[in-house]
1. Subtracting the Cα-Cα distance from 0.36 nm times the residue separation, let me have the gained length for Q131 to E162 in nm, one decimal.
2. Rounded to the nearest 10 Å², what accessible area does R174 have for a 1.4 Å probe in the complete protein model?
3. Determine the gain in length on full extension of the stretch A12-R73; use 0.36 nm per residue of separation and subtract their C-alpha separation, reporting nm with one decimal.
4. Pick out, from A85, I65, I47, the residue whose Cα sits farthest towards the positive end of the charge dipole of the stretch 47-127, with +1 on the Cβ of Lys and Arg and -1 on the Cβ of Asp and Glu.
5. Between T179 and A52, what length comes free when the chain is fully extended (0.36 nm per residue of separation minus the Cα-Cα distance, one decimal in nm)?
6. Calculated from the structure, Kirkwood radius over Cα pairs in Å equals which of (1) 19.1; (2) 16.5; (3) 18.4?
7. Can you find, among G36, A159, T121, the residue farthest towards the positive end of the dipole of the chain? Put +1 on the C-beta of Lys and Arg, -1 on that of Asp and Glu.
8. Simple spin-label model, 7 Å along Cα-to-Cβ: A19 to R187 in nm?
Amino acid sequence: MRKLLPQLPRAAALHTARARFRHGGVLAYATESCFGLGCDPFNVHAIRRILAIKARPNHKGLIVIAANLAQLRPLIRPLTPAQLAVVNQYWPGPYTFLLPASRRVPHLLRGRHDKIAVRITGHGPAAALCQALGSPLVSTSANRAGQKSLRTARACRIAFGERVHTLSGRIGKRRKPSTIIDLDSGRVLR
């Protein structure tokens with residue numbers, strides 16, 4: 001039996017995604033459990049676009065995914081060896097940690113919190129997208145606030161049309177969104 005490799009976006013689609021990302025556009029892409037909406041985590045205008053598309057309140061904050069810890073470093077304060085040991089037990093994988101945000105993090109990204117929600121994704125295509133963009137990526141479920149998360153590229157194209165650049169891809173096998181853990185307290189929030 002042949003093992004299937006994860007479906008990665010084609011070169012032309014990645015080229016367009018990079019251009020949209022750099023110019024403040026919103027991307028829809030496959031993640032562990034659903035399609036996500038993403039943008040440059042340092043572009044406030046792009047973050048506002050996502051919040052408007054989702055009709056999501058500004059105070060909630062958003063998750064950021066990355067392919068590796070180096071991509072997250074500009075977003076978080078330095079971690080102690082003990083903190084690194086904890087997150088390394090879970091990453092890459094479907095575990096989002098609340099970590100102290102660096103001063104560079106836009107207020108809209110962290111909402112009313114002093115921490116930022118970050119994850120090194122274990123979903124191959126999402127990690128490859130972060131690698132291709134050379135950046136971490138905002139990652140919030142592709143849906144309007146309070147509605148069911150979209151699970152296909154086709155559903156994203158229908159729901160968002162030209163407002164979002166949708167990349168083809170397959171979601172992972174998880175049925176639930178990532179687990180969210182506050183690193184300082186160890187409390188599981190979702």
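1. On the way: separation 31, 0.36 × 31 = 11.16 nm, distance 2.43 nm.
Gain on stretching Q131 to E162: 8.7 nm.
2. Surface accessible to solvent at R174 totals approximately 80 Å².
3. Working: separation 61, 0.36 × 61 = 21.96 nm, distance 2.90 nm.
Net length gain for the segment: 19.1 nm.
4. Going by the Cα projections, it comes out as I47.
5. Numbers: separation 127, 0.36 × 127 = 45.72 nm, distance 2.48 nm.
Once the chain is fully extended between T179 and A52, it gains 43.2 nm.
6. Calculated Kirkwood radius over Cα pairs in Å: the matching label is (2).
7. About the Cα centre, the residue reaching furthest to the positive side is A159.
8. My value for the distance between the label points is 4.7 nm.
The values are calculated or read from the model by the stated rules, or taken from the named source; none is laboratory data. Since we're looking at a predicted model, the values are computed, not measured. When we count neighbours, we look across all protein chains shown, and the Cβ atoms used for this are built from the backbone with ideal geometry, even at glycine. Heavy atoms of the whole protein, side chains included, go into the accessibility calculation; ligands, DNA and RNA do not. Shrake-Rupley method; radii C 1.70, N 1.55, O 1.52, S 1.80 Å.
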